[in-house]
Amino acid sequence: VESLRDAKNAAYSAVDKSGVKFTTDEVDNLISKATASVDEFNYVPDVDLQTKAALSTVGAQAGKELTIGQLDKLRQGLYKRYNRAPEEQGIRAIIDEIDDLIEAKDPANALMTAAREANKRYKKSELLDEAFKKAERSTDVSGSGGNLVNNYRRAVANILNSKRNRKYFSSER
């Protein structure tokens with residue numbers, strides 16, 4: 001887990017040190033696209049409050065030059081809003097616009113892809129590590145009747161049965 005955390009931190013450090021910046025024109029174009037994309041989801045400001053806040057956050061970047069790290073932090077904040085209101089698909093559309101902007105710019109696209117992949121690996125290992133530690137504590141508490149292998153299986157089943165935790169895993173990996 002520690003080596004994966006170090007790899008994740010190194011990957012994000014490479015992103016920050018890359019010096020990749022998005023011009024004010026690129027950022028302003030992002031804001032325009034974000035505004036247009038939420039309209040496709042019948043955005044109603046008085047109802048879709050998280051989307052309204054997301055647009056406000058993105059709009060506050062108008063006229064600014066942003067580094068790739070700043071743009072990623074903006075994206076992370078939007079994802080938190082989306083997780084609070086997953087029915088507000090306009091937020092997801094804004095996130096997609098940010099992803100498209102990053103993907104279109106070299107070397108930002110490769111650096112961010114590597115950093116996000118390293119983060120996924122770290123989060124998976126962290127989740128499994130905590131689940132296995134919990135299984136070991138449960139076995140210790142139950143005394144001689146505890147079966148560690150069964151508790152490990154139960155821990156994995158709990159992860160796979162949890163919609164929130166299952167999203168970190170795919171059938172291929």
* Being among the charged types (D, E, K, R), crowded, with 19+ Cβ neighbours inside 10 Å and either touching an Asp or Glu at 6+ places or on another chain (Cβ under 7 Å) or closer than 30 Å to Ala131 by Cα (or both) narrows it down to one of Glu2, Glu88, so name that one. => Glu88
* To do: Would you check which residues across the range 62-71 are open to solvent by less than 60 Å² (accessible area, probe 1.4 Å) and closer than 23 Å to Ala14 by Cβ and list them?
  => Leu66, Thr67, Ile68, Gly69, Leu71
* Search the range 14-37 for residues being of a type in the set (Gly, Ala, Ser) and open to solvent by 40 Å² or more (accessible area, probe 1.4 Å), and hand back the single one that is nearest to the chain's Cα centre (by Cα). => Ala14
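The rows are residues; the columns are (1) more than 30 Å from Val20 (Cα to Cα); (2) crowded, with 19+ Cβ neighbours inside 10 Å; (3) in contact (Cβ under 8 Å) with a residue 40 or more places away in the chain.
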{"residue": "Ala54", "(1), (2), (3)": "no, yes, yes"}
{"residue": "Lys73", "(1), (2), (3)": "no, no, no"}
{"residue": "Asn83", "(1), (2), (3)": "no, no, no"}
{"residue": "Glu97", "(1), (2), (3)": "no, yes, yes"}
{"residue": "Lys123", "(1), (2), (3)": "no, no, yes"}
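The values are calculated or read from the model by the stated rules, or taken from the named source; none is laboratory data. The model shown is predicted, which means the values in this text are computed figures rather than measured ones. Cβ atoms come from the backbone with ideal geometry, glycine included; neighbour counts cover every protein chain shown. For accessibility, only protein heavy atoms count, side chains too; no ligands or nucleic acids. Shrake-Rupley method; radii C 1.70, N 1.55, O 1.52, S 1.80 Å.
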